[in-house]
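Novice: For reference, the structure I am asking about is given below.
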């Protein structure tokens with residue numbers, strides 16, 4: 001099974017950028033294919049990594065719901081679940097060294113429950129094909145309450161060292177402990193911060209300092225691969241992975 005790293009945090013904390021840096025750091029080590037899962041309906045992970053997804057899970061679900069069983073689109077003898085599973089296989093976007101699966105946003109007011117349930121099951125099945133899986137979740141705690149992610153090796157709660165950021169991190173930590181999800185280790189990644197004091201009951205995975213190079217790449221519509229490997233932020237992310245996943249080659 002893949003080593004699964006889930007990224008959580010409040011909006012604006014930089015969690016997607018941290019997720020992208022984690023994927024890049026994993027790509028720099030030898031062996032082990034990487035799957036990036038953009039489980040945020042805002043779908044920015046692909047943009048951060050210079051990948052345009054061919055389709056999203058939500059789009060495929062809408063297409064499956066609009067077709068009658070037995071139609072040519074679904075294929076004779078295929079039910080909607082099997083058709084959706086086939087569609088997701090086709091929706092995996094191949095990039096250099098990694099694949100990307102994007103959840104997307106369903107049209108209209110429909111709830112995400114069906115998409116989340118299917119995505120969770122599909123992710124579990126995909127695990128055997130990859131060495132690492134990095135899941136960029138939507139902001140806040142909704143993805144945990146829906147149990148979009150399950151069987152997590154490392155849950156990174158990305159936050160800044162502001163009062164609101166600290167409160168949000170504590171709430172995500174407490175919710176993750178209550179829900180019936182398997183999380184081996186949880187910790188805070190202090191983004192755009194340095195020398196942050198350890199919070200009670202929550203381990204600090206490390207600090208990722210503010211990095212002008214990362215900011216400039218974002219402002220200039222560049223990708224995480226345009227940032228130099230010796231940037232302070234990227235080095236900090238590599239260090240976290242080395243310490244928490246014992247990846248000496250990262």
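Novice: Quote the FRET efficiency, to the nearest 0.05, computed for residue 220 versus residue 44 with a Förster distance R0 of 22 Å and r equal to the Cβ-Cβ distance.
Specialist: Efficiency, from the Cβ-Cβ distance: 0.90.
Novice: Right, another one. So how do 202-214, 172-184 stack up, highest first, on mean other-Cβ count within 10 Å? Before the final figure, lay out each step's value.
Specialist: Working: 202-214: 18.1, 172-184: 14.5.
So the order, starting with the most tightly packed, is 202-214, 172-184.
Novice: Working out 0.36 nm times the residue gap between residue 125 and residue 178, then minus their Cα-Cα distance, what length gain in nm do you get to one decimal? Walk me through the numbers on the way to the answer.
Specialist: On the way: separation 53, 0.36 × 53 = 19.08 nm, distance 2.47 nm.
Contour length minus the Cα-Cα distance gives 16.6 nm.
Novice: Here's another thing I want to ask about it. Compute the distance from the alpha-carbon center of region 157-178 to that of region 3-65, in whole Å.
Specialist: What the calculation gives is 21 Å, centre to centre.
Novice: Obtain the nm distance between the two label points defined at residue 201 and residue 185 by a simple spin-label model: each point lies 7 Å from its Cα along the Cα-to-C-beta direction.
Specialist: With each label point 7 Å from Cα toward Cβ, the separation is 2.1 nm.
Novice: What fraction, in whole percent, of alpha-carbon pairs in region 183-239 exceed 14 Å separation? Don't jump to the answer; show the numbers that get you there.
Specialist: On the way: 928 of 1596 pairs.
Across region 183-239, Cα pairs with separations above 14 Å total 58 percent.
Just so you know, all these numbers are worked out from the coordinates, no wet-lab data involved. In this text the structure is predicted, and so the values were computed from the model without any measurement. Positions of Cβ are generated from backbone atoms using ideal geometry, with glycine treated the same way; all protein chains shown enter the neighbour counts.
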